[in-house]
Amino acid sequence: MLRDVISYEWFTIFMVLGLIFITIAKVSYTNRFIDFLGVFGNSKYLKIYTKDQKFIDVFDALLFLNLIISISIFGYLSFLTLGTTKTFELAVFLKFIFGIGTLALIKILAERLIGSVFEIDRLIDTYLFQKISYKNLTGIILLPINALLLYTLQPSELIIMAVILILLLINIVGFITSFKIHQKTVINNIFYFILYLCALEIGPYLILYKIIVEYKA
């Protein structure tokens with residue numbers, strides 16, 4: 001059983017670190033944090049804070065750090081649950097964090113570069129802000145889910161798949177929200193939109209999946 005062989009110590013340390021990042025964001029930007037928690041199904045947060053976007057936003061950066069940690073913990077738990085290896089290895093877990101963090105940053109920088117090349121910086125910045133907001137919300141939701149999987153529930157394939165579906169639903173809602181806001185622009189540039197989806201939305205996750213599968217093999 002997974003629960004008998006895995007050590008919780010490093011998971012606990014990183015979860016506390018993620019909680020610290022969230023707490024700093026909440027204390028430093030109290031009103032914004034409260035508005036942010038209502039972003040799912042409510043465009044108030046997006047309408048208010050999109051206008052104030054900077055290249056480096058401290059609030060988003062803090063929540064993004066928690067997102068990377070939370071996804072890495074869930075990803076590694078899934079790896080241990082669904083794979084043949086049941087032993088926690090810190091080096092492998094750190095590779096998860098480094099790989100996911102690097103992939104996310106490269107993806108964001110590539111999207112900003114595209115915006116600059118095609119002179120649609122404002123549109124890309126707005127889209128990225130909306131997308132990152134929903135992803136950061138995913139990171140906060142994952143924190144208690146990870147705690148349940150570590151200390152209460154026995155991780156199983158059914159539970160892992162259910163959590164993945166919930167996370168996909170949140171991000172699909174975010175994607176639909178962004179699509180509605182930029183619907184006219186997307187329709188007028190449908191070819192570039194499809195190319196963007198394949199290259200920067202679907203492609204990186206297929207690469208990550210292939211890396212994980214090859215590592216397991």
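Could you look through the range 146-158, keep only residues that are touching a residue at least 12 places away in the same chain (Cβ under 8 Å) and surrounded by fewer than 20 Cβ atoms within 10 Å (Cβ to Cβ), and pick out the one that is nearest to Val39 (Cα to Cα)?
By that ranking, first place goes to Ala147.
Please work out if Asp52 is acidic (Asp, Glu) and within 21 Å of the chain's Cα centre (by Cα).
Criteria not met by Asp52.
Could you list all residues from the range 130-154 that are outside any loop (DSSP other than H, G, I, E, B) and farther than 11 Å from Leu67 by Cα?
Gln130, Lys131, Pro144, Ile145, Asn146, Ala147, Leu148, Leu149, Leu150, Tyr151, listed by residue number.
Can you tell me how many residues in the range 180-190 are surrounded by 14 or more Cβ atoms within 10 Å (Cβ to Cβ) and either at pLDDT 70 or above or not in a helix (DSSP H, G or I) (or both)?
Qualifying residue count for the region: 2.
Are there any pairs with C-beta distances below 6 angstrom linking a residue in the range 91-105 that is under 14 Å from Gly139 (Cβ atoms) to a residue that is of a type in the set (Val, Ile, Thr), with the two at least 6 apart or on different chains, and if so which?
Close Cβ pairs satisfying both conditions: Ile100/Ile68; Ile100/Ile71; Gly101/Ile68.
So which residues in the range 155-178 are part of a helix (DSSP H, G or I) and not β-branched (Val, Ile, Thr), if there are any at all?
Listed by number, the residues that qualify are Glu157, Leu158, Met161, Ala162, Leu165, Leu167, Leu168, Leu169, Asn171, Gly174, Phe175, Ser178.
Being of a type outside the set (S, T, N, Q) and in contact (Cβ under 8 Å) with a residue 60 or more places away in the chain narrows it down to one residue among Ile73, Ile124; which is it?
The conditions single out Ile73.
Look through the range 102-127, keep the residues that are closer than 18 Å to Asn66 by Cβ and of a type in the set (A, V, I, L, M, F, W, C), and return whichever of them is surrounded by the fewest Cβ atoms within 10 Å (Cβ to Cβ).
Per the stated criteria, the residue is Leu105.
Does the range 191-211 contain at least one residue that is under 23 Å from Leu17 (Cβ atoms), β-branched (Val, Ile, Thr), surrounded by 12 or more Cβ atoms within 10 Å (Cβ to Cβ) and at pLDDT below 85?
no
The values are calculated or read from the model by the stated rules, or taken from the named source; none is laboratory data. Since this is a predicted model, take the numbers as computed values, not measurements. Methodologically, a virtual Cβ is constructed for each residue, glycine included, from the backbone with ideal geometry; neighbour enumeration extends over all protein chains shown.
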